[in-house]
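Every read-out reported here was derived from the displayed coordinates using simple, explicitly stated rules and does not represent laboratory data. What you see is a predicted model, and the numbers here were worked out from it, not measured in a lab.
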Amino acid sequence: MQFIRTLIWVLILVALLLFSFFNWQPVEVVIWDNLVWNTKLPVLVIVSFLAGLVPMWLIQRGSSWKLQRRIRSLETAAQHNAAAASYAETRVAEPALADPRYP
């Protein structure tokens, strides 16, 4: 699985390099009337891609982290409950000592 993930990232990198090589042309981005950003097209595409990817990636990592914490706490609670149940079973399974006063 790691090989496939690495292969996909290498293919994405090669596609980005080919795109950058064939589209290296200046672009003017007007942010406000008096603010103009002169850049190359690949830089604009990469910045736009990262502006969409990074927030979604952070949200995914945060929710994954939260769910992992919850799973760990539930597993710990289940282990404690299982230990308590096995302790209760051993206490019930012990034979009661007969009282010598009652034959």
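Classify the range 2-86: rounded, prolate or oblate, from the alpha-carbon gyration tensor (a ≥ b ≥ c, eigenvalue square roots; a/c under 1.5 rounded; otherwise prolate if a/b is larger than b/c)?
Oblate, because a/c is 1.5 or more while a/b does not exceed b/c.
³J(HN,Hα) across the range 31-44 via Karplus (A = 6.51, B = -1.76, C = 1.60, θ = phi - 60°), whole Hz, x for Gly/Pro?
7, 10, 4, 9, 10, 10, 10, 8, 8, 8, 4, x, 5, 5
Each residue of the range 13-18 in turn: what ³J(HN,Hα) in whole Hz from Karplus with 6.51, -1.76, 1.60 and θ = phi - 60°, glycine and Pro shown as x?
So the J values, rounded to whole Hz, are 5, 5, 5, 5, 5, 5.
List the relative contact order of the range 2-86 as a percent without decimals, with contacts defined as Cα pairs under 8 Å and 6+ residues apart.
Reported relative contact order: 15 percent.
Mind listing the long-range amide H neighbours of VAL27? Cut-off is under 5 Å, sequence gap 5 or more, other chains count too, H placed in the peptide plane at 1.01 Å from N.
Counting only residues 5 or more places away or on other chains, the set is THR39, LYS40, LEU41.
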